[in-house]
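So the structure is just underneath, and the comments pick up after that.
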Amino acid sequence: MAHTTTKREVTERVARATGVHRDEVRKVVQAFLDDLIEELSKGNRLEFRDFGVFDVRSRAARVAQNPKTLVQVTVPARRAVRFKAGRLMKERVESPIVGAARR
């Protein structure tokens with residue numbers, strides 16, 4: 001089973017790797033995430049070379065069916081965030097895992 005890495009764990013690893021105090025790293029990470037959300041809420045596309053691209057897609061309203069009751073329901077139009085992995089991320093994720101856990 002895969003491990004879930006939290007924002008706190010990432011913050012602590014970055015703090016150790018850079019020598020920057022954990023509280024400062026936490027502020028920077030949170031500011032980055034807040035800015036990401038803000039840009040996506042405006043409908044902007046975010047591109048990080050080799051990492052990937054975030055963009056917002058519009059999904060049209062549609063009629064769906066509840067598989068249990070077979071009752072048709074209307075699903076309203078909405079906007080959804082899409083992520084497309086970049087080259088480096090694809091290569092790392094697709095490579096075989098060596099050892100018990102890879103980090």
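Before moving on, here are some points about what is shown:
- Residue count for segment 1-28, restricted to those that are closer than 30 Å to Arg59 by Cα and either in contact with a helix residue (DSSP H, G or I) (Cβ under 7 Å, 6 or more places away or on another chain) or surrounded by 13 or more Cβ atoms within 10 Å (Cβ to Cβ) (or both): 1.
- Residue selected from segment 29-47 under the condition outside any helix (DSSP H, G or I) and without any contact (Cβ under 8 Å) to a residue 24 or more places away in the chain, by the criterion surrounded by the most Cβ atoms within 10 Å (Cβ to Cβ): Leu46
- The lone criterion from (1) assigned to a strand (DSSP E or B); (2) under 22 Å from Lys7 (Cβ atoms) left unmet by Asp55 is number (2).
- Ala101 touching a Pro at 6+ places or on another chain (Cβ under 8 Å) and either modelled with pLDDT of 95 or more or surrounded by fewer than 10 Cβ atoms within 10 Å (Cβ to Cβ) (or both): no
- Selection from segment 73-89 of residues that are of a type in the set (D, E, K, R) and in a strand (DSSP E or B): Arg78, Arg79, Arg82, Lys84
- Of everything in segment 58-72 that is among the polar types (S, T, N, Q) and assigned to a strand (DSSP E or B), the residue that is farthest from Gly86 (Cα to Cα) is Gln72.
The values are calculated or read from the model by the stated rules, or taken from the named source; none is laboratory data. Note that this is a predicted model, so its numbers are computed, not measured. Virtual Cβ from ideal backbone geometry, glycine too; neighbours counted across all protein chains shown.
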